[in-house]
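Below: one structure, written as structure tokens.
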């Protein structure tokens, strides 16, 4: 069995990063992967402007250690600049964001001065050169704004907009098809017969694949029929970049995934040394990447988060940034056998001093979804670990999109 690191290394070697792109408007760019680095077409600020409401004046009118007065000759509003040139002995009323006129290089806050008709009285401790935003202070024309590839977030949208960029070039979404396999699976809304279970895996995958960078096709449930499975594998590979199946990847008599994948494509590996999730098939059908995940629902989610998600990110040219790794004091006794890296479901908390503690969220069977739903982290136990006693320190990964603390 491969370690998770070796498995990810082999996947990376087998995957060719997507090079196809498209142009989208900035309003449609949130969450997309930038494929071309963005550069600033203008300076920001575009013109000198005031950082405070107050009065604009020239530093040449300041005499250190003396109070002074200046003649008020007009005002500069945000969007309505003062149309004129400041002369010696003059000042103007100015508002935050308004253009600082020629002849002025300083702004004093309105609370620091006194007004008497057309004269403004400045205090003895007036400081020149303050509260003026310089041209290009934030962004200089031609400078690099965002390095590709990067998933565009809300802050990036604001940055790009401030530079006047209305469109960006992003990676084309990956086409992903997924389906469940198994004669025992029943659709929601139908009563269960003896030996049947509801198909939860497709719903979990639907949520895990809910990303603007994926175009997803749910192909439903395919029975444990070699011919039918092969037909669906081949058909899905023609129109998609990635196929994800659940079930049928183990060694049972009705587990056909590896056999069919060998026949119509190629298998790179099909077992990894993790728990839950050992029976995982990875390969290709033509240029289409194939992941045959286990059938148990917790194993599906764990293998998607630790194997499939990094692969999809690599395909898009981005880094995996889902999990935040911490160390915590374990408050539960954890059972584990040597041989596989284990991801046990846990509940992470933090005390007032900033110390982290983690406890088991319940039963750890790969069919037990309740303990995963209640968890906010995985307790990561290395291959050689043979169990954890209360009070020992452990590594934890925060589960993406969960509430904690």
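Is it the case that some residue within the range 245-264 is under 27 Å from the mean Cα position of the chain (by Cα), closer than 23 Å to residue 6 by Cα and not in a helix (DSSP H, G or I)? Checked the range 245-264: at least one residue is under 27 Å from the mean Cα position of the chain (by Cα), closer than 23 Å to residue 6 by Cα and not in a helix (DSSP H, G or I). Can you tell me which condition residue 231 does not meet? The list is (1) at pLDDT 90 or above; (2) more than 14 Å from residue 177 (Cβ to Cβ); (3) surrounded by fewer than 16 Cβ atoms within 10 Å (Cβ to Cβ), and all the others hold. Unmet for residue 231, out of (1) at pLDDT 90 or above; (2) more than 14 Å from residue 177 (Cβ to Cβ); (3) surrounded by fewer than 16 Cβ atoms within 10 Å (Cβ to Cβ): (2). Would a scan of the range 287-294 turn up a residue that is modelled with pLDDT under 95, crowded, with 18+ Cβ neighbours inside 10 Å and more than 17 Å from residue 4 (Cα to Cα)? No, the conditions are met nowhere in the range 287-294. Just one of the listed residues (250, 200) is modelled with pLDDT of 90 or more and surrounded by 14 or more Cβ atoms within 10 Å (Cβ to Cβ), namely 200.
The set of residues in the range 196-220 that are closer than 19 Å to residue 373 by Cα and in contact (Cβ under 8 Å) with a residue 60 or more places away in the chain comprises 200, 201, 204, 205, 208. Would you say residue 129 is surrounded by fewer than 19 Cβ atoms within 10 Å (Cβ to Cβ), touching a strand residue (DSSP E or B) at 6+ places or on another chain (Cβ under 6 Å) and farther than 26 Å from residue 25 by Cα? Criteria met by residue 129.
Considering only residues that are in a loop (DSSP other than H, G, I, E, B) and farther than 17 Å from residue 379 by Cβ, which ones fall in the range 274-309? Across the range 274-309, the qualifying residues are 278, 279, 280, 286, 287, 294, 295, 296.
Of note, residue 195 does not satisfy the criterion of being touching a helix residue (DSSP H, G or I) at 6+ places or on another chain (Cβ under 9 Å) and exposed (fewer than 14 other Cβ atoms within 10 Å of the Cβ).
The values are calculated or read from the model by the stated rules, or taken from the named source; none is laboratory data. Owing to the predicted nature of the structure, the values given are computational and were not obtained by experimental measurement. Reconstructed Cβ throughout: ideal geometry from the backbone, glycine too, with neighbour counts over all protein chains shown.
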